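This report refers to the structure that appears directly beneath it.
The values are calculated or read from the model by the stated rules, or taken from the named source; none is laboratory data. Note that the coordinates shown come from a computational prediction; the quantities given were computed from them, not determined experimentally. Here the Cβ positions follow ideal geometry from the backbone for every residue, glycine too, while neighbour counts run over all protein chains shown.
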2 protein chains.
Amino acid sequence: MFTLFHHPFCPRSRFARLALGEHGLETRLVEERVWERREAFVALNPAAETPVLISEGLPPIPGAAIIAEYLDETHGAALGRRLLPAAIADRIEVRRLISWFCDRLYSEAVGPLVTERIYKRYMSVEQGGGAPSTDMLRAAKTNTRYHLAYIGWLARTRNFLAGDDLTYADLAAAAHLSAIDYLGDVPWDEDDAAKAWYVRIKSRPAFRPLLNDSLPGLPPPAHYTDLDF
Amino acid sequence: MFTLFHHPFCPRSRFARLALGEHGLETRLVEERVWERREAFVALNPAAETPVLISEGLPPIPGAAIIAEYLDETHGAALGRRLLPAAIADRIEVRRLISWFCDRLYSEAVGPLVTERIYKRYMSVEQGGGAPSTDMLRAAKTNTRYHLAYIGWLARTRNFLAGDDLTYADLAAAAHLSAIDYLGDVPWDEDDAAKAWYVRIKSRPAFRPLLNDSLPGLPPPAHYTDLDF
């Protein structure tokens with residue numbers, strides 16, 4: 001049994017949830033509001049970031065990319081369901097894209113959008129709460145368009161984002177897009193290939209729990225849960 | 001034969017050089033000034049960051065952490081010189097610390113110091129060049145003290161930073177500190193344990209090439225190359 005410290009709209013937490021789900025691993029979810037810097041959580045992960053996976057008998061596993069490596073080594077490889085493929089060249093490409101999505105797409109687009117539009121609603125003034133910064137939103141939305149175009153380019157070139165098969169690269173990208181799709185911030189009409197790829201990923205059973213998350217007072221657009229939007 | 005696109009004072013490039021050196025792998029170094037966004041380099045690595053390792057017959061390997069995983073899988077495991085240990089719990093801790101040093105120590109302290117004090121000397125005004133920002137320097141120096149204290153705490157608790165043996169965690173931390181030690185920006189007198197640990201890592205043969213790097217017009221402090229400072 002696993003426990004995941006997460007936030008429902010933290011895109012990296014969503015990636016970890018998809019990775020756990022694809023491996024068929026039941027997980028207890030604990031919502032963590034990292035901006036509160038809860039002492040017991042900082043003790044688990046000095047970086048004070050979600051997600052953190054707790055697996056009995058092991059040190060806390062911090063960060064989506066490290067959780068993905070752990071799950072592949074302990075479950076994916078054994079079950080023959082490798083979301084991090086065995087061939088060296090494929091591993092390089094999957095890891096490159098995990099980093100691209102969890103670092104670049106996160107910091108340039110999804111992180112600012114989620115922080116400004118969701119987290120700030122729950123933060124006190126001392127924690128950085130308040131109205132969203134329109135400058136941040138504008139920059140993040142512009143960056144989202146570039147990232148969507150890159151995802152579309154990958155989707156047109158390959159069957160899945162990193163190659164022939166589903167990998168962590170798809171889960172990382174879809175997790176990030178899903179968090180801002182809830183906010184209506186993905187311009188799907190700009191890229192048919194990206195949209196068609198996302199529909200495929202979104203239809204997977206592991207994705208369902210993400211589509212059920214909701215925020216009081218901030219409903220998602222109608223297409224968010226629609227599997228054929 | 002490997003080729004590494006790097007910058008002599010990019011701390012993540014230094015980590016990759018140490019990893020290659022510890023594995024006994026000869027590498028051709030090509031200096032890359034990422035702020036010039038050279039087209040052929042951006043084609044190699046869309047993230048436009050150093051380091052990037054070229055290994056014949058494989059896609060370019062971008063990023064110090066991904067290079068480290070690659071070297072462990074292709075050389076470390078085979079040669080029995082694992083800088084990423086085999087035990088699951090140890091792998092979690094080493095990966096946690098690689099990320100801590102390459103992401104946190106980098107963005108909070110070493111990245112800003114190197115950018116303000118070294119890169120900016122070579123950048124045009126359009127590229128962001130100019131005089132160092134004293135605010136950035138002040139914040140980065142304060143953060144360096146916290147990071148040094150954390151490294152000291154690890155060094156007092158364990159033989160090497162991640163446990164009994166030398167791992168990538170030591171190389172990542174030492175690579176980062178070495179870049180700002182050249183600038184005289186590590187307050188060694190604040191932490192004896194960190195200093196004693198650094199002297200041990202710095203004395204390794206793989207470290208020597210880093211100590212020979214120098215910048216015209218900006219000599220290092222006397223202790224920089226001293227193995228027993």
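Among (1) of a type outside the set (A, V, I, L, M); (2) on the phi > 0 side of the Ramachandran plot; (3) in contact with a His (Cβ under 9 Å, 6 or more places away or on another chain), which single condition is B:Y119 missing?
(2)
Which of the residues belonging to the stretch B:23-49 are of a type in the set (S, T, N, Q) and away from chain A (no Cβ under 14 Å)?
B:T27, the sole residue that qualifies.
Can you name the residue in the stretch B:151-172 that is in a helix (DSSP H, G or I) and over 17 Å from the mean Cα position of the chain (by Cα) and is also surrounded by the fewest Cβ atoms within 10 Å (Cβ to Cβ) among such residues?
So the residue we want is B:T157.
Of all residues in the stretch A:102-127, which are aromatic (F, W, Y) and over 14 Å from the mean Cα position of the chain (by Cα)?
A:Y119, A:Y122
Which one of the conditions (1) at the interface with chain A (Cβ under 8 Å from one of its Cβ atoms); (2) small (G, A, S); (3) on the phi > 0 side of the Ramachandran plot does B:A89 fail to meet, given that it meets all the rest?
With respect to (1) at the interface with chain A (Cβ under 8 Å from one of its Cβ atoms); (2) small (G, A, S); (3) on the phi > 0 side of the Ramachandran plot, B:A89 is out only on (3).
When both residues are 6+ apart or on different chains and their Cβ atoms are under 8 Å apart, which pairs have a first residue that lies in the stretch B:94-116 and is more than 14 Å from every other protein chain (Cβ to nearest Cβ), and a second that is part of a helix (DSSP H, G or I) and β-branched (V, I, T)?
Cβ pairs passing all conditions: B:A109/B:T144; B:A109/B:I180; B:V110/B:T144; B:V110/B:I180; B:L113/B:T144; B:L113/B:I180; B:V114/B:I180.
Quick one: A:A175 ticks every box in (1) buried (at least 24 other Cβ atoms within 10 Å of the Cβ); (2) out of contact with any Pro (no Cβ under 9 Å at 6 or more places or on another chain) except a single one, so which number is it?
(2)
Starting from the stretch A:58-75, take each residue that is facing another protein chain (nearest Cβ under 7 Å) and at positive phi and list its partners that are among the basic types (K, R) and in a helix (DSSP H, G or I), counting only C-beta distances under 9 angstrom and pairs at least six apart or across chains.
Cβ pairs passing all conditions: A:G63/A:R12; A:G63/B:R95; A:G63/B:R96.
Going by the conditions given, is A:V30 surrounded by fewer than 22 Cβ atoms within 10 Å (Cβ to Cβ) and touching a strand residue (DSSP E or B) at 6+ places or on another chain (Cβ under 6 Å)?
Yes; evaluated as a whole, the condition is true for this residue.
Within the stretch B:189-214, track down each residue that is closer than 22 Å to B:C10 by Cβ and in contact with a Lys or Arg (Cβ under 7 Å, 6 or more places away or on another chain).
Those that are closer than 22 Å to B:C10 by Cβ and in contact with a Lys or Arg (Cβ under 7 Å, 6 or more places away or on another chain): B:P209, B:L210.
Whether any residue in the stretch B:132-140 is out of contact with any Ser or Thr (no Cβ under 7 Å at 6 or more places or on another chain), in a loop (DSSP other than H, G, I, E, B) and assigned by TED's automatic domain parsing to the domain that holds B:N212 is what I want to check.
Scanning the stretch B:132-140, I find at least one residue that is out of contact with any Ser or Thr (no Cβ under 7 Å at 6 or more places or on another chain), in a loop (DSSP other than H, G, I, E, B) and assigned by TED's automatic domain parsing to the domain that holds B:N212, so the answer is yes.
Can you name every residue in the stretch A:89-131 that is more than 19 Å from B:A47 (Cβ to Cβ) and of a type in the set (F, W, Y)?
A:Y119, A:Y122
Let's see how each residue does on (1) modelled with pLDDT under 95; (2) of a type outside the set (A, V, I, L, M); (3) not in a helix (DSSP H, G or I):
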{"residue": "B:T3", "(1), (2), (3)": "no, yes, yes"}
{"residue": "B:R14", "(1), (2), (3)": "no, yes, no"}
{"residue": "B:L18", "(1), (2), (3)": "no, no, no"}
{"residue": "B:G76", "(1), (2), (3)": "yes, yes, no"}
{"residue": "B:D90", "(1), (2), (3)": "no, yes, no"}
{"residue": "B:R96", "(1), (2), (3)": "no, yes, no"}
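How many of the residues in the stretch A:185-209 are part of a loop (DSSP other than H, G, I, E, B) and in contact with a helix residue (DSSP H, G or I) (Cβ under 9 Å, 6 or more places away or on another chain)?
Number satisfying all stated conditions: 5.
From the list B:S107, B:S55, which residue is out of contact with any helix residue (DSSP H, G or I) (no Cβ under 6 Å at 6 or more places or on another chain), among the small types (G, A, S), modelled with pLDDT of 95 or more and within 27 Å of A:E49 (Cβ to Cβ)?
B:S107
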